[in-house]
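Reviewing the structure listed below.
The values are calculated or read from the model by the stated rules, or taken from the named source; none is laboratory data. Keep in mind the model is a prediction, meaning the values are calculated, not measured. In this analysis, Cβ positions are derived from the backbone assuming ideal geometry, glycine residues included, and neighbour counts consider all displayed protein chains. These accessible areas exclude ligands, DNA and RNA; they are computed on the full protein's heavy atoms, side chains included. Shrake-Rupley method; radii C 1.70, N 1.55, O 1.52, S 1.80 Å.
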Amino acid sequence: MRAHQVQAEDPTTVERTPEQYAEHVEEMIAAYGPFRLTIDEVLVAGDKVYVRWTQEGNHLGEIDGHAPTGRPVVQVASCVYRVEDGRIVEYWMQIDRAGLAAQLTAG
């Protein structure tokens, strides 16, 4: 699948197999611990599904070059998924990276 990382300063597209996506989730668990994911909103239009969520965990692994602090971390994100035959084939993800950076640098 194509995973578009929608970032103002560096938009990128990553190609991921299901196995690579599973590895990515394992990396997130290593960084945030057994985080809680709350789905805040879901909208569907044709083959597109918009999802907005809040992820709460703890800073247990290196994140963007920041050493673990153990402190709580909250991320707010949203994604538009394109679905074909009941499977996600492409998505466009946005994460509040400024909010995350502020939490990682807070003393």
Accessible area, 1.4 Å probe, largest first: how do HIS59, HIS4, HIS66 sort? HIS66, HIS4, HIS59
Can you say what percent of the DSSP beta bridges in the stretch 5-107, counting only those with both residues inside, are antiparallel? Round to 5. 95
So for the pair THR105, VAL83, with labels modelled 7 Å out along Cα→Cβ, what separation do we get in nm? 3.9
Expressed as a whole percentage, what fraction of the accessible surface of the chain belongs to carbon and sulfur atoms when a 1.4 Å probe is rolled over the protein heavy atoms? 55
Take HIS24 and ARG36, extend 7 Å from each Cα along the Cα→Cβ direction, and tell me the distance between the two endpoints in nm. 2.5
Whats the longest run of the chain with zero GluC sites (Glu not before Pro) that are DSSP loop and have at most 13 other Cβ atoms within 10 Å? 10-61
Taking only Cα atoms, what is the 0 to 90° angle, nearest 10, from helix 18-32's long axis to the longest principal axis of the chain? 30
Euclidean distance of C-alpha centroids, the stretch 68-107 and the stretch 8-23, integer Å: 13
Averaged per residue, the 1.4 Å probe accessible area of the chain, protein heavy atoms only, in Å², is roughly 64
Checking GLN75, GLN94, GLN20 against a Gaussian network model of the chain (alpha-carbon springs below 10 Å), the top fluctuating residue turns out to be GLN20
